[in-house]
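The values are calculated or read from the model by the stated rules, or taken from the named source; none is laboratory data. Predicted, not measured: the structure shown is a model, and the values here were computed from it. Here the Cβ is made from the backbone with ideal geometry for all residues, glycine too, and neighbour counts use every protein chain on show.
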Amino acid sequence: MLRKKMRNTDMHEAFDFSHRENVTALEGDEARRFGSQLIKDAAGGVDTLEEAHTILFGRPTLEKQATREKTEQVQVRIPHSWKRRIDKAAKSKGQTRSVFLRNIIKKEIF
């Protein structure tokens, strides 16, 4: 029998699943939250599913592109205070800095 209390959650309160005799009875959002938390715990208690994926499966691939275009690394210099703000905004969306910036660029140009 599996009993679990979620440690990290983006909700305001943790959901206590210890009262469940059988977790297979979970449905909907409750099942999704429970499954997500199990994955994050398996990755060492990280905060996001993206972090868990990186730890458990390696670096995530870029979004699938129709052209399967080769990717390139681009470096830019920004003020230190921008980096902190970018990281905070990315974390609030559950994204890495790279994914966050790539989405901004894609939205602006494409």
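Within the stretch 84-96, residues that are over 17 Å from Val46 (Cα atoms) have Cβ atoms under 8 Å from residues that are of a type outside the set (Lys, Arg) and surrounded by 11 or more Cβ atoms within 10 Å (Cβ to Cβ) in these pairs: Ile86/Phe100; Ile86/Leu101; Ala89/Phe100, counting only partners at least 6 apart in sequence or on another chain.
For the stretch 46-77, the set of residues classified as surrounded by 10 or more Cβ atoms within 10 Å (Cβ to Cβ) and either under 12 Å from the mean Cα position of the chain (by Cα) or modelled with pLDDT of 90 or more (or both) consists of Val46, Asp47, Thr48, Leu49, Glu50, Glu51, Ala52, His53, Thr54, Ile55, Pro60, listed by residue number.
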